[in-house]
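Nothing in this text is a laboratory measurement; each read-out follows from the coordinates by a stated rule. Owing to the predicted nature of the structure, the values given are computational and were not obtained by experimental measurement. Every residue, glycine among them, receives a Cβ derived from its backbone with ideal geometry; neighbour counts consider all protein chains shown.
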Amino acid sequence: MGKALFTGTAKAKGGRNGHVTSGDGLIDVDLVMPTEKTDKKGTNPEELFAATYSSCYDGALNLVAKKMKKDIDSTTTAEISFMKDEADGGFKIAAVLNIEINGVTQEEAEELAKEAHKVCPYSKATRGNIDVELKPKAI
């Protein structure tokens with residue numbers, strides 16, 4: 001393993017119906033399983049993963065655009081789905097990244113999206129592990 005530039009920490013207690021906190025205290029939320037009928041308010045692992053993946057990917061996209069000398073404005077929305085895994089009867093997740101890019105053609109948006117997917121640390125971590133669909137759109 002290489003030298004860490006930064007390490008974030010989070011602690012979960014109670015699983016999908018528990019509570020999670022970050023080491024710096026900025027994240028301090030209850031977890032609620034969306035498939036259960038409850039009045040309890042909270043988030044879930046899929047929303048938290050969507051937040052982290054979309055922000056990491058959008059950063060990678062802007063880095064790639066800068067290296068390619070493209071002046072863009074972008075927004076990435078991640079959809080993380082919790083689903084049944086037919087292969088083993090358990091569960092799995094899948095991701096769709098909706099990428100809106102202003103300042104380029106549709107062809108350039110598609111090229112930037114593919115290149116960002118190659119360098120984004122979250123894309124690298126999920127590659128071969130979950131299905132990820134890129135949906136770039138020039139706006």
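Label positions at residue 66 and residue 22, each projected 7 Å from the Cα along the C-beta direction, are separated by 2.1 nm.
In a DSSP loop and with at most 16 other Cβ atoms within 10 Å, the trypsin sites (Lys or Arg not before Pro) in the stretch 31-69 are 37, 40, 41, 69.
For the chain, the relative contact order works out to 19 percent when only alpha carbon pairs closer than 8 Å and six or more residues apart are counted.
For the chain, the longest principal axis of the Cα atoms and the long axis of helix 106-119 meet at an angle of about 50 degrees.
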